[in-house]
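Some notes on the structure that comes next.
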Amino acid sequence: MKPLALVLVVLIFAGACRREHQGPAPIPMCEVRFAAPAGFEPLEPIEQRFPDRIGVRLGFRDAQSREFHVFAGIRGEFGEGLPDAGALSLVDGGEAVLIGDGAVWIATWRLGDRCDPRAVIGTGFGRRSFVRALADAGLVPATGTS
């Protein structure tokens, strides 16, 4: 065998071996785009593995025991039984459904990908303070806090 042919055979074989050992493509992790407002400390994050994604849940709590729980890629019924409280414009141009009553408020929305639905659950807030906190977190425009 000629030296150039031998080199090509070795390179082709090495490439095939490398592909075999790489394994399956990594499962994408859903992103949570939520900057907790000032005074909120993170809680233990939760990752839930699915065949096509890794869903994420992040939690935050402040000194007044108010909490946020933010979900991406974890499917479920968010706020089942709570009354509809309108819609919120999102900073990215989308729209979230607001539901809640008393001290429990939930905003849910979809982006049309494998990590839907997205949701933010707030406890210990009134409606106005929840929406204001969503604006502080960068989810809704500051003008949408009325």
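Just so you know, all these numbers are worked out from the coordinates, no wet-lab data involved. Predicted model only: the values in this text are computed from it and were never measured. As a convention, Cβ positions derive from the backbone with ideal geometry for all residues, glycine included, and neighbour counts pool all protein chains shown.
Each residue of the range 28-40 was assigned a 3J(HN,Hα) from its phi angle through the Karplus expression (A = 6.51, B = -1.76, C = 1.60, θ = phi - 60°), giving x, 9, 5, 9, 10, 9, 7, 9, 3, x, 3, x, 9 Hz with x at Gly and Pro.
Between amide H atoms placed 1.01 Å from N, distances below 5 Å from I54 occur with M29, C30, all of them 5 or more places distant or on a separate chain. Taking the DSSP beta bridges in the range 41-144 as the whole, what percent of them are antiparallel, to the nearest 5? Of all bridge pairs located within the range 41-144, approximately 100 percent are antiparallel.
Hey, with R₀ at 22 Å, roughly what FRET efficiency would S129 and A35 work out to, going by the Cβ-Cβ distance, to 0.05? Mind showing how you got there, number by number?
Numbers: r = 17 Å, r/R0 = 0.77.
With a Förster radius of 22 Å, E is 0.80.
Viscosity 0.890 mPa s, temperature 25 °C: what is the translational diffusion coefficient of the range 52-95 from Stokes-Einstein with a Kirkwood Rh over Cα pairs, rounded to a whole number of µm²/s? Translational diffusion coefficient: 185 µm²/s. Residues in the range 47-57 carry Karplus couplings, in order, of 10, 10, 7, 10, x, 10, 6, 10, x, 10, 10 Hz; the curve used is 6.51 cos²θ - 1.76 cosθ + 1.60 with θ = phi - 60°, and Gly or Pro positions show x. What does a probe at A25 reach in the range 92-136, counting residues whose amide N is under 19 Å from the point 7 Å along Cα→Cβ? Flagged as within label range: 112-116.
Each Lys or Arg adds one and each Asp or Glu takes one away; over the other residues whose Cβ falls under 14 Å from the Cβ of R49, this sums to +2. Under 5 Å from the amide H of A87 lie the amide H atoms of L98, each residue being 5 or more positions distant or on a separate chain, with H modelled from the backbone and absent for Pro and chain starts. Once the C-beta distance of S89 and F50 is scaled by a Förster radius of 35 Å, the resulting FRET efficiency is 0.75 to the nearest 0.05. When the Cα positions of T108, F60, G79 are compared along the charge dipole of the range 47-108, F60 comes out farthest toward the positive end, with charges on each C-beta of Lys, Arg, Asp and Glu.
How high is the FRET efficiency from R110 to Q64, r the C-beta distance, R0 30 Å, rounded to 0.05? After rounding, the FRET efficiency stands at 0.45. Taking the Cα centre of the range 41-144 as origin and assigning +1 to Lys and Arg Cβ atoms and -1 to Asp and Glu Cβ atoms, the resulting dipole is close to 40 debye. On a C-alpha basis, how far is the centre of the range 89-120 from the centre of the range 31-46 in Å? Whole number, if you could? Using only Cα atoms to place each centre, the spacing works out to 16 Å. For the range 29-102, trypsin sites (Lys or Arg not before Pro) are listed when DSSP marks them as loop and at most 11 other Cβ atoms sit within 10 Å of their Cβ; the list is empty.
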